[in-house]
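Everything on this sheet refers to the single structure shown next.
Derivation of every value follows stated rules applied to the coordinates shown; laboratory data play no part. Values in this document were obtained by computation on a predicted structure and should not be read as measured data. Here Cβ is always computed from backbone atoms with ideal geometry, including for glycine, and neighbour counts include all displayed protein chains.
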Amino acid sequence: MNFSIKALYNWYRNSLRNPKYRGWIIAGTLAYLLSPFDISPDVFPLIGQIDDLALLTLFISELSQLFIEDYKKRQVNTQPKSNEADSQETVDVDAVPIQD
């Protein structure tokens, strides 16, 4: 089994973007950040906060990207549709002489 930080990051990001698991990932992240039980305990001055800071940074950046994407999607959906009369498109027409 190939384990890497990149694979863990991709799993976290994809799970957070999946609406089915988003609530669980958010709850798990907050529980881990608030829990006294960590990978590196917080009693060690600097080392104890590194895992919390890394997870918090990843969590905030991914949630902000989700909010930005959702905002942009809503802006596109709420823009009024342009009518054909308002269109600025050029139409090519072949001129044909009319004979009387």
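Treating only the Cα positions of the chain as identical point scatterers, give the base-10 log of I(q)/I(0) from the Debye formula at each q in 0.13, 0.20 Å⁻¹.
The computed values of log10 I(q)/I(0) come out as -0.67, -1.11.
Could you give the nm distance between label points at Val76 and Leu46, where each point is 7 Å from its Cα heading toward the beta carbon?
My value for the distance between the label points is 4.5 nm.
Which one, Asn77, Thr29, Asn18, projects farthest toward the positive side of the charge dipole computed for the chain from Cβ point charges (K/R +1, D/E -1)?
Value: Thr29.
What is the gain in length, in nm to one decimal, between Trp24 and Leu63 on full extension, counting 0.36 nm per residue of separation less the C-alpha to C-alpha distance?
Working: separation 39, 0.36 × 39 = 14.04 nm, distance 1.37 nm.
That works out to 12.7 nm of additional length.
What is the Cα coordinate range of the stretch 1-60 on the first, second and third principal axes, sorted by size from largest, in whole angstrom?
So the extents along the principal axes, rounded to whole Å, are 36, 27, 19.
Describe numerically, in nm with one decimal, the distance between label points set 7 Å from Cα along Cα→Cβ at Ile5 and at Leu33.
2.0 nm
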